[in-house]
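**Q** Sharing a structure with you now.
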Amino acid sequence: MDITPDNGEGIDVPPVHEAYANAPGLRREMHQVLALDAERDGRRAGPGTGSPADATAAQRARLLRRAALMDRLASATPGPGPVAAAAETAEELVLHDRRHPDLVAGPHHPDAITLAHSRRLYVRQEYAAWTAAGHPGT
């Protein structure tokens, strides 16, 4: 796993259309992410959690899906609001993955991309790896 700090240049990350090729449609994914947030906040009954490791993995999946959704929305309608939301949710995933490096699926550690605007590249890398493992829409 590459942990050398970098600004994102030269890091091979799939472009948006490839990273999210197998993602659910935006509307469906938005509803699913909102449902995951409601379960986490206790506003909606969910499947429950198993062991702490399962809870950590579930939290990461929620953060990853949320960050990917925001990245997709910002890519579709780039503007200050969507881009800021994508950067914020990408940063949340990076912070989570720093605390739980065993859950990183792609080749580059979250610190390999140091510029905040490039954290979205990390989201794309991780979503593509997550997709390759067969997890979208779960």
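The values are calculated or read from the model by the stated rules, or taken from the named source; none is laboratory data. Because the structure is a prediction, the values reported are computed rather than measured. For neighbour counting, all protein chains shown are included, and Cβ atoms are generated from backbone atoms with ideal geometry for every residue, glycine included.
**Q** Can you confirm whether the stretch 55-63 contains a residue that is farther than 15 Å from Thr89 by Cα, modelled with pLDDT under 85 and assigned to a helix (DSSP H, G or I)?
**A** Yes, the stretch 55-63 contains a residue that is farther than 15 Å from Thr89 by Cα, modelled with pLDDT under 85 and assigned to a helix (DSSP H, G or I).
Yes or no, residue by residue, for (1) in a loop (DSSP other than H, G, I, E, B); (2) surrounded by fewer than 18 Cβ atoms within 10 Å (Cβ to Cβ):
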site: Arg65; (1), (2): no, no
site: Ala68; (1), (2): no, no
site: Arg72; (1), (2): no, no
site: Pro78; (1), (2): yes, yes
site: Val83; (1), (2): no, no
site: Leu95; (1), (2): no, yes
site: Asp111; (1), (2): no, yes
site: Ser118; (1), (2): no, no
site: Gln125; (1), (2): no, no
